[in-house]
Amino acid sequence: MITRTQEEILHRLHQHAGASEDLFGFRRDLLINALDVDYARPFLQPDITA
């Protein structure tokens with residue numbers, strides 16, 4: 001099993017940000033869920049607490 005660093009996950013997230021093959025945002029959601037909270041915070045809605 002390959003473990004990615006937070007920076008590698010962020011890089012992939014930015015790579016696929018405008019990708020047309022991720023029409024429904026599933027890849028984006030998976031990548032954000034793989035991040036620690038501090039790294040994911042910029043991608044989360046501010047009114048969400050949990």
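The values are calculated or read from the model by the stated rules, or taken from the named source; none is laboratory data. Quantities reported herein were computed from a predicted structural model and do not represent experimental measurements. Here Cβ is always computed from backbone atoms with ideal geometry, including for glycine, and neighbour counts include all displayed protein chains. For the accessible areas, the whole protein counts, side chains as well, though only heavy atoms, and no ligand, DNA or RNA atoms are used. Shrake-Rupley method; radii C 1.70, N 1.55, O 1.52, S 1.80 Å.
Overview of values
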| item | result |
| --- | --- |
| Solvent-accessible heavy-atom area per residue, rounded to whole Å², over the chain at 1.4 Å | 89 |
| Sparse-neighbour loop sites [chymotrypsin sites (Phe, Trp or Tyr not before Pro); the chain; at most 10 other C-beta within 10 Å; DSSP] | 24 |
| Isotropically averaged projected area of the chain, using the convex hull of Cα atoms (one quarter of hull area), nm² | 4.2 |
| In sequence order, calculated HN-Hα J values of the range 35-42 (Karplus, 6.51, -1.76, 1.60; Hz; x Gly/Pro) | 7, 5, 4, 5, 6, 7, 3, x |
| Surface share of carbon and sulfur [accessible, 1.4 angstrom probe, percent] for the chain | 56 |
| GluC sites (Glu not before Pro) within the chain: DSSP coil, no more than 15 neighbouring Cβ in 10 Å | 21 |
